[in-house]
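Structure record follows, encoded as structure tokens.
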């Protein structure tokens, strides 16, 4: 028969377990927050150059604000996504970057007139993301027109409606 005699010091075991737990928690927090900060700062730096960034939640609010205060919005930068929409009387370089919305219980297109030399390369109803500068223009009345700086084709979002 072989007998081993050893004494367990529960205080030391508890201290070692707590120390390992704290170190593990600090490492996990450091790794997680480090990657989050990196991706957030990348997004923030990219989008911080725009005065207006239209999202599903603020689309109509910013659209109204810009249309009601054209002079304040002129020469400001903007980023938005939507589908290409045209009226029969639009010039070749003009289109609307729009989204669907409900007005008086009817589905309607809401968006910005856009001016781009590449407009003829875009198909109606094609989804795009544009960036540009707001200028004052006319289409039946004075209104903001986005002088397009860049156009990227995108996939339509799951919800094409905005509020």
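The values are calculated or read from the model by the stated rules, or taken from the named source; none is laboratory data. In this text, all values refer to a predicted model and were calculated from it rather than measured experimentally. Using ideal geometry, Cβ is built from the backbone for each residue, glycine included, and neighbour counts are taken over all protein chains shown.
Say whether the condition of being more than 17 Å from residue 52 (Cβ to Cβ), surrounded by fewer than 16 Cβ atoms within 10 Å (Cβ to Cβ) and in contact with a helix residue (DSSP H, G or I) (Cβ under 7 Å, 6 or more places away or on another chain) is met by at least one residue in the range 119-140. No: the range 119-140 contains no residue that is more than 17 Å from residue 52 (Cβ to Cβ), surrounded by fewer than 16 Cβ atoms within 10 Å (Cβ to Cβ) and in contact with a helix residue (DSSP H, G or I) (Cβ under 7 Å, 6 or more places away or on another chain). Looking across 112, 85, one residue alone is modelled with pLDDT of 95 or more, over 19 Å from residue 136 (Cβ atoms) and more than 15 Å from the chain's Cα centre (by Cα). It is 85. For the range 119-138, a residue qualifies if it is farther than 22 Å from residue 57 by Cα and touching a strand residue (DSSP E or B) at 6+ places or on another chain (Cβ under 6 Å), and the qualifying residues are 119, 122, 124, 135, 137. Restricting the range 46-82 to residues that are more than 15 Å from the chain's Cα centre (by Cα) and assigned to a loop (DSSP other than H, G, I, E, B) leaves a set whose member that is farthest from residue 114 (Cα to Cα) is 69.
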